[in-house]
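None of the figures in this text is laboratory data; all of them are computed from the coordinates on show. These numbers come from a predicted model, not from an experiment. Neighbour counts run over all protein chains shown; Cβ positions are idealised from the backbone, glycine included.
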Amino acid sequence: MNAVFPSYVRSVVASASPLAWPVSGQGFNECSFTSIANALNLLNGAPRYRKEEFIREAGLFFQPRLGGTLPFLKASQLRRRGYGAHFGNLSHTNAEAVLRDLIDRGVPTIVDIYPAFQLGRLRIFGQHATVLVGYSEPFHDAAGTLHEEYYLLDAQWPALGAFDLAFNDVDRNGDGQAELFPGNRTLSRTEFMQLWTSRNYCPIFHSPADHQAWYATTIRREPGLPMIGRVIQAIIGSDDRFAQE
């Protein structure tokens, strides 16, 4: 089997070889820290980071019996190591355009799925951190069924302790062999948008300069906020708007 993805797949890592995916599963409620380590290892193409490093650093901010940690802390842990990152919210814009642009640039992005905390109609955080690693153009399988998909690196999929990078590889073209797909979890476009209710995202760039250059050209700057507004956005995610809208 060739270690390539189907032609209709866009992935942050071009190769489908397991050697190009130095990732691992998580322990109980360790999704945020495991997602950081997995995303950085994909970005660097080598197993440089382990989840335990980020867990130790979080200290009392890691409370597995209370759900894990605060989602917005991801960006600070990444910036502390010299990477470009921020914790943003895409609720008021073309969120898919932003995410697909990041994937096309080879930028792994942590997205929190499943609603966990909601204030009125506002979904503040997602329950489970995953790494968005790819998407597909619309395509038909061997039976003629139309698909449009997103691909995640979910460190507890299909279950805690059962992480398997090949779990979402499946025969779509009917040749009797499973095609290789990015990550380990496939969601249809509809499923992904339904599960990603918070619209929080944390893109991870090699450097702050790379992140700033992307932000300046892709995200439309909003008028300055008062201090209380900046504090709120630091917690729930900056209100990012796609510049081309």
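Please pull out the direction-averaged projected area of segment 1-74, using the convex hull of its alpha-carbon atoms, in nm² to one decimal place. List each step's numbers first, then the result.
Values: hull surface 24.0 nm².
Convex hull of Cα atoms, orientation-averaged projection: 6.0 nm².
Round to the nearest 0.05 the FRET efficiency obtained for T145 and S91 when R0 = 25 Å and r is the Cβ-Cβ distance.
Details: r = 31 Å, r/R0 = 1.24.
Computed FRET efficiency for T145 and S91: 0.20.
Under the definition of Cα pairs under 8 Å and six or more residues apart, what whole-number percent is the relative contact order of the chain? Don't skip to the end; give the middle numbers.
Working: 505 pairs, mean separation 63.7, N = 245.
Result for the chain is 26 percent.
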Computed [θ] at 222 nm, helices only, for the chain once each DSSP H run of length n ≥ 4 contributes -39500 (n - 2.57): -8000 deg cm²/dmol
GNM top mover of D164, D210, D112 - the chain, alpha-carbon springs below 10 Å: D210
Degrees separating the helix 95-104 axis from the principal Cα axis of the chain, which is the longest one: 60
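Grab the eigenvalues of the alpha-carbon gyration tensor for segment 128-219, scale each by 5, take roots, and send me the semi-axes largest first in whole angstrom.
28, 17, 13
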Antiparallel bridges, percent of DSSP beta bridges restricted to the chain (to nearest 5): 95
Magnitude of the charge dipole, the chain, Cβ model with Lys/Arg +1 and Asp/Glu -1, debye to 20: 1060
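Need the full-extension length gain, D210 to R100, defined as separation in residues times 0.36 nm minus the C-alpha distance. One decimal, nm.
Working: separation 110, 0.36 × 110 = 39.60 nm, distance 1.70 nm.
Once the chain is fully extended between D210 and R100, it gains 37.9 nm.
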Relative contact order (percent, whole number), segment 135-213, Cα cutoff 8 Å, 6+ residue spacing: 26
Among [x] 52, 41, 34; [y] 142, 46, 35; [z] 59, 41, 36, the entry that matches Cα extents along the principal axes in Å as calculated here: [z]
